[in-house]
Amino acid sequence: MSVVPILKAENISKSFGGIQAVSNASIEVPAGSITGLIGPNGAGKTTFFGLLSNFLKPDRGTVIFDDKPIHGKPPHAIAKLGMIRTFQVPRVLSRLSVMDNMLLAAQDQVGERFWSTWFESAKIAQQERENREKARQILASVGLIRMADDFAGSLSGGQRKLLEIARALMSDPKLILLDEPAAGVNPALIEDICGHIQRWNREGLSFLIIEHNMDVIMSLCDRVWVLAEGHNLAEGSPSDIQKDPRVLEAYLGS
Ligand code: ATP
């Protein structure tokens, strides 16, 4: 595994009124890794994700993705560079079909060329056919192709999580930030999701994963970072982290 970080954030802070949600937190995600981010409830993990992807504006700190500073860039620009985040509660569009959710993710590329000549229109039609084929392949690979024409709102919680990740793949990301992929998902589907993550990782995709399910963290992650009360508490291999007294105390204390 390469040790070059695909994502490096330093001294990130964010307060909401009087609440210091994230305080001087840093993280490194090695390219090609599956890196975990854990911590007790309220530790600041989801806020940190928002700050890394600029869905939230940090008060302080720097974020370097793929050798480029990205703090201050809007989330869609960060996504174009190759870093996409998912949400604890998947943000799929319930009243659209599963396929249309997938195609919307690719729409940016088409939309940019909206004011174009007839010749360009032919190219756009070709691009749309290619996007549809790509969406079919991704949906088939995660077992959602049978539901392609169903409303996304009819999917189970776990299937929505899969759809959100599948949709992220439409833009060929280099890194996906996954917020609790196993939360509220039945055990059989958790195993499926983990299998897909490992397969995409073998194909070169890096992941940063927030997860409370320690079995998932232990089975997936190369490295784990621990946040507590908005601070970095520890960093290490999953087995070292699991027996770190500071980590045990933070969890027991919460
Ligand atoms: P969990 O594991 O329970 O999802 P977390 O580690 O993701 O928790 P955050 O959701 O990031 O923690 O919350 C960190 C702290 O910041 C909490 O005290 C939370 O109440 C506070 N917080 C988060 N977002 C806001 C907001 N928009 N306004 C005010 N306080 C907030």
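Students often get this wrong, so check it: of Lys14/Lys45; Lys73/Lys134; Lys134/Lys174, which have C-alpha atoms separated by over 20 Å?
Pairs exceeding 20 Å: Lys73/Lys134.
Note on Asp59: accessible area is roughly 80 Å² with a 1.4 Å probe, heavy atoms of protein only.
Centre-to-centre separation between the Cα atoms of region 209-254 and those of region 121-185: 30 Å. At a probe radius of 1.4 angstrom, the accessible area of the chain per residue rounds to 49 square angstrom.
For Asp67, project a label point 7 Å along Cα to C-beta. Then give me every residue of region 4-24 with its amide nitrogen under 16 Å of that point. Once the point is set 7 Å along Cα→Cβ of Asp67, 4-8 turn out to lie under 16 Å by backbone N, inside region 4-24.
Compared with the direct C-alpha span, the chain from Val4 to Ser156 gains 51.0 nm at full extension, assuming 0.36 nm per residue.
Counting only DSSP beta bridges with both residues in the chain, the antiparallel share comes to about 55 percent. Extension gain, Asn232-Lys57: 0.36 nm per intervening residue step, less the Cα-Cα distance, totals 61.1 nm. Ordered by 1.4 Å accessible area with all protein chains kept, His212, His196 run largest first as His212, His196. With each label modelled as a point 7 angstrom along the Cα→C-beta vector, the Asn186-Lys80 pair spans 4.2 nm.
Reducing region 1-45 and region 50-112 to their Cα centroids gives an inter-centroid distance of 17 Å. Applying 1/(1 + (r/R0)^6) with r as the Cβ-Cβ distance of Ser26 and Gln242 and R0 = 22 angstrom yields a FRET efficiency of 0.55. Farthest toward the positive end of the dipole of the chain, out of Val247, Ala166, Leu227, is the Cα of Ala166, where the dipole comes from beta carbon charges about the Cα centre.
Would you work out what percent of the accessible area of the chain, with all protein chains in place, is carbon or sulfur (probe 1.4 Å)?
For the chain, the apolar C and S fraction of the accessible surface comes to 53 percent.
The values are calculated or read from the model by the stated rules, or taken from the named source; none is laboratory data. Nothing here was measured: the structure is a model prediction, and the numbers come from that model. Note: ideal-geometry Cβ built from the backbone for every residue, glycine included; neighbour counts use all protein chains shown. Surface areas here come from the heavy atoms of the whole protein model, side chains and all, with no ligands, DNA or RNA. Shrake-Rupley method; radii C 1.70, N 1.55, O 1.52, S 1.80 Å.
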